[in-house]
Each structure stands twice: as C-alpha cells, then as structure tokens.
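Some notes on the structure that comes next.
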Amino acid sequence: MRTSVSGRPRRFAAALLAAVLATALTACGGSDSGSGSGGEGLERTTVRVASLPTVDAAALHVGVEQDIFSKAGLDVRIQPVQQSIQALPALVNGQVDVIASANYVTFLQAHDKGTLKLRVISEAIRIKPGVMSVRVMPDSPIRTPKDLEGKTVGVNILNNIQSLTLNAVLEEQGLDPTKVKYRQIPFPQMGAVLEKGEVDAVHVVEPFQAQLAGELGARAAVDGGQAPVTDLPISGYVTTEKFVTENPTTAAAFQKAMAEAQALADKDRTQVEKVLPGYAKIDAAAAKKLVMPAFPATVDAPGLQKLADMMTEAGLLTRRLDAATVVYSPR
C-alpha cells in the first residue's frame, strides 16, 4: 500500500495548527492498531508525520514511494506544515507522532525548557558545502563574509540554526558575528523581500536557494556549508519519550524503515529528484540542479553533541545537554 499526503502546506498559528491537525488526521481514517504486511507485533500501524516541503524530508517521501514503510507494516500519514515548530503543540498533545525534517535547534530548546521530552528517532540531513548559502541580488556589493558586517540578513527563524551556523562560519574567519543583523522572514517570502531591498541578503537552504537563483539571479555571497559546520547534523525526525515508550516495536520499525529510506536517498539522488516535484513543488529540471545534503542512515550522536555544545555556547540552551540521552535506541 502507498501512503497518501493530505492537505496543503499552510502557515497556522501554533494553537490553531494543533486543532487542525487533530481534525485532519481523524478524518484520514484507518486504524492505529492491527497488522499489515510485515506488521505483526506492532502496537499500532498508523504513524502520523508532520513534514515540511524541504529537501530535508526527501527520504520520508522516498520511503513512501518505494513502499519501504508499507513493507514494514506501517501506514505513514503525512501532514504538510510550513515550519516544524508549528507542529510542536500537536506533537506534545499526541495529535502527530513524528515531526519530519525537524530543526534540531528548535526541538533541543523545547527539550531544554521542559516543553517536550524529546527523542530523535532518525536523522534527516547533515550540512555539505553549498547546501545552504547567503544569497544576494546580482548587483549587490556583498561578495565575501566580511562584507556582511553592518548588513541585514534574512533568516527563517531568529536565533536558530541559520544564524548559529553562519555566526560560526564568520567566527572561523576571524569576523565578529555581532556586527550582522538578522531579520525573520519565512523562506517562501525571502525572494520578494530581497528583491525590494528590505534586507541586504538572505540565508537560504535548498530548494529555496535554487529558486532564488533561477527567479532573481540571486548569487551566493557566502557558502553556509563551509568549515566549521560541514557535516553538522541540522535536522531530524523527532518524537516524544511517551511515543517510543508506549510503542517500542512501532518506533523501532519506523526507525529501521527510515534508515533504509535515508540510505537510498543518500546513494541515489535520482530517488530524491523523483519525489521533490510532488511535495516540494520543485519541477523536475530544477530538482536536477539542487545541491544535495547528506542523508545519513543513522543518528550522529557526536555530531548532535557538537551542535548542542554550539547552542550552549551561544546561549540558546540553559545548560549543557548530553545528546545521547535524546537519541532513541530500541530496547
């Protein structure tokens, strides 16, 4: 059986989204228990996943298209969202089971604050050179990292993964990141804001950087994937301690299926190119030009620790986190 994607990506207020997700997922029907092909012994066969229209989530959709989940007895129901943080209330309330391509910074902060008892069930992507960049208009005087001093850069969420990694890149080159101003702009709106000159630059990831290059001729002034953030894990598939405790066999089956899907996406980019037009609305020609990140099959606990330590140093966590404590390992 194939998994269906219901709904269209929209921006909701967090509280409203939780209610909408609950209604939509109830309407999907289907049983949360029982067994399917290969699903014997699962506490439930339906896994409700909130997902973003970004390259990070590609392996999830590859898993759907290649029947990897259904062969494991899982019926994965995908609910599109525009920002992973929008699905946080629904995850906490049990209205979704997993958030795909979840920004680690946001969810490590929620765990730090006690809002969420986090478990990382699978990794999504790791940074590679070129997969994220600071983009400027063709005639911009900004050409090097130093040129960003005194300038305003658009980011999707303030004090999050984009500013954290860009600041690290600037510091690596002996620059003062406090001289850069950040302004919050949702990814889909960055092109319009950049073109109007309301910001000097925008920090984007795929597929948005490819879109900006194609539509505006926006060029890369700074490679956001360079040292010291190359290979840093930045997003994953997250769930709650409650979900994995109550559904250990289901969680293990989902993790194993994700590992297979991630490995396939990592070794064969054509699999990613096939799914992007459907959920991310990227045409086939554009998909072939994207710079692909790494899609690791296992969670990089040391890498996650590096990210957590960077967050602590930047004041984004109140205390040092032992990353191994939030990585889910089947019993």
Given (1) more than 21 Å from residue 310 (Cβ to Cβ); (2) not in a helix (DSSP H, G or I), number of the condition residue 90 does not satisfy: (2)
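Pick from 151, 113: which is within 25 Å of residue 184 (Cβ to Cβ), basic (Lys, Arg) and outside the structural domain of residue 47 (by TED's automatic domain parsing)? Reasoning before the result, please.
Values: 113 fails: outside the structural domain of residue 47 (by TED's automatic domain parsing).
151 is the lone residue from the list that is within 25 Å of residue 184 (Cβ to Cβ), basic (Lys, Arg) and outside the structural domain of residue 47 (by TED's automatic domain parsing).
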Residue check, residue 205 closer than 13 Å to residue 154 by Cα and surrounded by fewer than 23 Cβ atoms within 10 Å (Cβ to Cβ): no
Test: residue 254 is over 19 Å from the mean Cα position of the chain (by Cα), of a type in the set (Phe, Trp, Tyr) and surrounded by 22 or more Cβ atoms within 10 Å (Cβ to Cβ): no
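Mind listing just one residue for me: the one in region 311-331 that is within 20 Å of the chain's Cα centre (by Cα) and under 11 Å from residue 109 (Cα atoms) and, of those, surrounded by the most Cβ atoms within 10 Å (Cβ to Cβ)? Reasoning before the result, please.
Going residue by residue through region 311-331, those that are within 20 Å of the chain's Cα centre (by Cα) are 311, 316-317, 323-324, 326-328.
Then drop every residue that is not under 11 Å from residue 109 (Cα atoms), which leaves 311, 316-317.
Working: 311: 22, 316: 19, 317: 19.
The qualifying residue surrounded by the most Cβ atoms within 10 Å (Cβ to Cβ) is 311.
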Any pair with Cβ under 7 angstrom, 6 or more apart, that starts in region 167-181 at a residue that is of a type in the set (Gly, Ala, Ser) and ends at one that is surrounded by fewer than 19 Cβ atoms within 10 Å (Cβ to Cβ): 168/228
Qualifying residues in region 287-331 (those that are of a type in the set (Val, Ile, Thr) and touching a residue at least 40 places away in the same chain (Cβ under 8 Å)) - the one nearest to residue 264 (Cα to Cα): 298
Residue match in region 223-242 (condition: outside the structural domain of residue 93 (by TED's automatic domain parsing), assigned to a loop (DSSP other than H, G, I, E, B) and over 21 Å from residue 124 (Cα atoms)): no
Among the candidates 102, 110, residue that is at negative phi, surrounded by 24 or more Cβ atoms within 10 Å (Cβ to Cβ) and out of contact with any Pro (no Cβ under 9 Å at 6 or more places or on another chain): 102
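If you go through region 273-299 one residue at a time, how many are part of a loop (DSSP other than H, G, I, E, B) and surrounded by 20 or more Cβ atoms within 10 Å (Cβ to Cβ)? Show your work before the answer.
Going residue by residue through region 273-299, those that are part of a loop (DSSP other than H, G, I, E, B) are 280-283, 288-293, 295-299.
With the extra rule that they be surrounded by 20 or more Cβ atoms within 10 Å (Cβ to Cβ), the set shrinks to 280, 282, 290, 293, 295-296, 299.
Total satisfying the criteria: 7.
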Close pairs (8 angstrom Cβ cut-off, 6 or more residues apart or separate chains): over 11 Å from residue 72 (Cα atoms) and modelled with pLDDT of 95 or more in region 249-275, surrounded by fewer than 18 Cβ atoms within 10 Å (Cβ to Cβ) and among the basic types (Lys, Arg) anywhere: 273/288
Residues being over 17 Å from the mean Cα position of the chain (by Cα) and at pLDDT 95 or above - total across region 66-110: 12
Residue under evaluation residue 324, criteria (1) in a helix (DSSP H, G or I); (2) closer than 26 Å to residue 133 by Cβ; (3) of a type in the set (Gly, Ala, Ser), criterion not met: (2)
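Of all the residues that make up region 125-160, how many are assigned to a strand (DSSP E or B) and either in contact with a Pro (Cβ under 8 Å, 6 or more places away or on another chain) or more than 30 Å from residue 92 (Cβ to Cβ) (or both)? Please lay out each step first, then the result.
Here is the first cut: in region 125-160, the ones assigned to a strand (DSSP E or B) are 125-126, 132-136, 152-155.
Checking which are either in contact with a Pro (Cβ under 8 Å, 6 or more places away or on another chain) or more than 30 Å from residue 92 (Cβ to Cβ) (or both) leaves us with 125-126, 133-136, 152-153.
Summing the residues that are assigned to a strand (DSSP E or B) and either in contact with a Pro (Cβ under 8 Å, 6 or more places away or on another chain) or more than 30 Å from residue 92 (Cβ to Cβ) (or both) in region 125-160 gives 8.
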Residues within region 135-164 that are over 15 Å from residue 220 (Cα atoms) and of a type in the set (Gly, Ala, Ser), tallied: 2
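The values are calculated or read from the model by the stated rules, or taken from the named source; none is laboratory data. All of these numbers come straight from a predicted model, not from anything done at the bench. FYI the Cβ positions are ideal-geometry reconstructions off the backbone, even for glycines, and counts take in every protein chain you see.
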